[in-house]
2 protein chains.
Amino acid sequence: MAKEGADMTEETEFMIDTTVGKEAENVEPSSGGVKEMRAVVLAGFGGLNKLRVSRKTMPEPQEGEVKIRVKACGLNFLDLMVRQGTIDNPPKPPLVPGFECSGIVESVGENTKGFEIGDRVMAFVNYNAWAEVVCTPVDFVYMMPDEMSFSEAAAFSLNFVAAYMMLFEVANLREGMSVLVHSAGGGVGQAVAQLCSTVPNVTVFGIASCFKHAAIKDSVTHLFDRNVDYVQEVKKISPEGVDILLDCLCGENTGKGLSLLKPLGNYILYGASNMVTGETKSFFSFAKSWWQVEKVNPIKLYEENKVIAGFSLLNLLFKQGRCSLVRSVMDKLLCLYDQKKIKPVVDSLWALEEVKEAMQRIHDRGNIGKLILDVEKCPTPLMASDSTETSEAGEEEEEPEGDNDSKERMPFIH
Amino acid sequence: MAKEGADMTEETEFMIDTTVGKEAENVEPSSGGVKEMRAVVLAGFGGLNKLRVSRKTMPEPQEGEVKIRVKACGLNFLDLMVRQGTIDNPPKPPLVPGFECSGIVESVGENTKGFEIGDRVMAFVNYNAWAEVVCTPVDFVYMMPDEMSFSEAAAFSLNFVAAYMMLFEVANLREGMSVLVHSAGGGVGQAVAQLCSTVPNVTVFGIASCFKHAAIKDSVTHLFDRNVDYVQEVKKISPEGVDILLDCLCGENTGKGLSLLKPLGNYILYGASNMVTGETKSFFSFAKSWWQVEKVNPIKLYEENKVIAGFSLLNLLFKQGRCSLVRSVMDKLLCLYDQKKIKPVVDSLWALEEVKEAMQRIHDRGNIGKLILDVEKCPTPLMASDSTETSEAGEEEEEPEGDNDSKERMPFIH
């Protein structure tokens, strides 16, 4: 990974009303020939107030790396876990969050083949994506189809690769099967629904908040409100249960999920969103969640003919070195995209400076599809009706007034 | 299931030296027109001494059932667990053990389509297979290929269906993958090895007792003795581990198996042979084993990208109603058999009256491939060198002399 020169970071707290124009421009060399860039910096683990847009030294590509002028970044539930420090072995803050982006190749390191300056690319990054420029190993970079926009590309990689690998690599989705997905309205949920539609006669049960139902009802076969007992509801339609259950641990327990599986069914845990809380004691919440997750007796799996799997795409890429497998999956996904069988759903675009509001939206599960940080976007001006209502997404301290406007500012809907 | 008329059972303790000729003949109506048959009866849970060959009322097929004149039965490790009562919810003894057989259709019940009198068939049975005649629902009966012998057929169904479903339904075995199988010399192990050879470039790691290595070394890629630390040995060859690990819980713990999996790897538990002990307190041994099985935290699976599955073919068939799926698997297997890509390995044939010796052999893991009860076989006469050495497979009481000859009587090797 490129050195980010963290100790040279100059924190420049962003003031929306005065600096929009200046901040939105590319940052050129300031003093002494050192190039700088804007980036979202997490100063320490905790609430939204730990996030700032700051100037940082621009990275340069090392051997085998590609330097990307970032156009758009994906915002995922996992980023909220990073912010709260509730992931396994997080790096030490200050850090720049963000695991995926799209943009244009600005340069390549030594011995770096496969990409040229000017190429439109999408990439996985092991942190540091939420910046104007990022460097990442060539193994994690993919060419974008010509007809794909940058925001689509930033919405594509993580969600579709994860959905595809869970359905087709971990489980073995085939004709006539049934799939239940929690958070059907989210980025992964929408990717799952689209990929299921590429296989004949697959029944998709989706769970989502009521207010999303109108928008996503055509993407799934059956839709349930997250407040109903989904086990009962699914069993009314399919008494035997489902073949594949995708769970980001939205406050449910594994036993409940396992009980809904057909024999030979797969329960796949692909996240742990119940570890993001609105409370201040995030570490203790995390520890509590960890220990409260119901452990599974393998002999019970034997008697019931059931499968339980965990899936973490980022660990697969960055800890377990499965980049060639992921590239083969990306190739298949880009074929499906070319055939217009799949298309990422973008919920909204946000300026880097609006990252807190974007996080609040994903925390409140307000999104339908993916939230994108659009690096070139100017923050939406405050509206007259804006209140100073307190944010609930893990705030630890009082924020200055005018920075708590998440509920009232309308995002730009793509 | 057909009524077996358990209360009419007449225990006729078998005396090898005097009754062989008579017992081997088909039993015709004795008195009052009631047809009888020979069957292995388990009088109660416990050691080998609980098994007897007895006369029982012959079952007649109910609606939807096929009546089979049994030629050969499969003997599986599971039958030892049944004998000790260490399976989940065993039926109440006295009972006739046995889950699979081959033979000739003798009649069919009302509304039973697909089979005719005289058809050569193999079948799954929910107990009662170890008898001269058995009735089982038509859903569990399959036509035998013309060139397949009855002993091959009795060795085929359970082992190959289980091996196929684990490799291709639960896991997703594909070109270039690696598989580790415990008990590589057993019936399932040999089926796994053969099925792996139908996929290009699959590496099979087998574990078996040293004395079997010469016989089975050509069936697997790498063979380890069961006394070595297989985790270390596999990692010397494949530092990343294996893609699929098939474990019948041969005294190992699940954590050890999981640690040997590659990311996205499958750990499949398909039995619990460590629950069969030589001790008398079988229930307590069972309970101890159950609780000692290491439970799995789903979040660990998430972080490590691993899959743990349980597979019980009998539960799938008899409790979970997956007979049509199993039939489709059987169709594929019979294609592979016709193409001479797979062939069941028969270890030895035993008369019904030799069931104790056969059980002792599987308990001692002396077998290479499948043990078959050949219903028409006469017990092998005692040899001059026969001793009265005490059996070790779960004996609770002293047996009469002359019935403890398992170590000295040579089985008929097919």
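General observations
- Rg/Rh ratio calculated on Cα atoms of region A:291-355 (Kirkwood radius): 1.15
- Normalised contact order of region B:157-343, rounded percent, pairs of Cα under 8 Å and 6 or more residues apart: 20 percent
- Across region B:104-183 the C-alpha pair distances fall into 10 Å bins from zero in the proportions 15, 41, 27, 15, 4 percent.
- Cβ charges +1 (Lys, Arg) and -1 (Asp, Glu), total dipole of region B:36-154, debye: 700 debye
- Computed over region A:36-154: relative contact order in percent, which uses C-alpha pairs under 8 Å that are six or more apart: 32 percent
- Here the simple spin-label model places points 7 Å from the Cα toward Cβ, and for B:LYS113 and B:SER197 these points are separated by 4.0 nm.
- Accessible area of B:TYR302 in the full protein assembly, 1.4 Å probe (Å², nearest 10): 30 Å²
- Chain A against chain B buries an accessible area of about 3900 Å², both chains summed, 1.4 Å probe radius.
- Calculated diffusion of region A:53-159, Stokes-Einstein form, Kirkwood radius summed over Cα pairs, 37 °C and 0.692 mPa s, µm²/s: 235 µm²/s
- For region B:157-343, a simple Cβ point-charge model (Lys and Arg +1, Asp and Glu -1, everything else neutral) yields a dipole of about 340 debye relative to the Cα centre.
- Copy-to-copy label separations for A:ARG327, where each label sits 7 Å from Cα toward Cβ, in nm and ascending: 4.6
- Averaging 1/r across all pairs of distinct Cα atoms in region B:320-382 and inverting the result yields a Kirkwood radius of 14.0 Å.
- Unit charges at the beta carbon, dipole of region A:36-154: most positive-side option, A:SER149, A:ASN89, A:ASN49: A:ASN49
- Accessible surface calculations at 1.4 Å, restricted to protein heavy atoms, place region A:36-154 at 30 Å² per residue.
- Each of B:ALA162, B:LEU261, B:TYR302 was scored by the projection of its Cα onto the charge dipole of region B:157-343, and the greatest displacement toward the positive side belongs to B:ALA162; charges sit on the C-beta of Lys, Arg, Asp and Glu.
- Here the convex hull built on the C-alpha positions of region B:163-256 has a volume of 95 cubic angstrom per residue.
- Interface residues, region A:319-366 - accessible area loss of 30 Å² or more versus chain alone, probe 1.4 Å: A:GLN320, A:ARG322
- In nanometres and ascending order, the distances from the A:GLY64 label point to those of the other copies are 6.1 (point 7 Å from Cα along Cα→Cβ).
- Region B:157-343: equivalent-ellipsoid semi-axes (sqrt of 5 x gyration tensor eigenvalues, Cα, Å): 24, 21, 18
- Solvent-accessible area, 1.4 Å probe, carbon plus sulfur percent, for region B:157-343: 53 percent
- In this structure, the residue pairs whose Cα-Cα separation is over 28 Å, taken from B:LYS35/B:LYS377; A:LYS50/A:LYS71; A:LYS217/B:LYS306; A:LYS256/A:LYS319, are A:LYS217/B:LYS306; A:LYS256/A:LYS319.
- Annotation for A:ASP364, label-to-label distances across the other copies: 7.4 nm (shortest first, one decimal, point 7 Å from Cα along Cα→Cβ).
- For region B:157-343, with +1 on Lys and Arg beta carbons and -1 on Asp and Glu, the positive-most of B:CYS210, B:PRO200, B:ASN315 along the dipole: B:ASN315
The values are calculated or read from the model by the stated rules, or taken from the named source; none is laboratory data. This structure is a prediction, so every number in the text was calculated from the model and none was measured. Cβ: placed from backbone, ideal geometry, glycine included. Neighbour counts: every protein chain shown. Heads up: the accessible areas ignore ligands, DNA and RNA and are worked out on the full protein's heavy atoms, side chains in. Shrake-Rupley method; radii C 1.70, N 1.55, O 1.52, S 1.80 Å.
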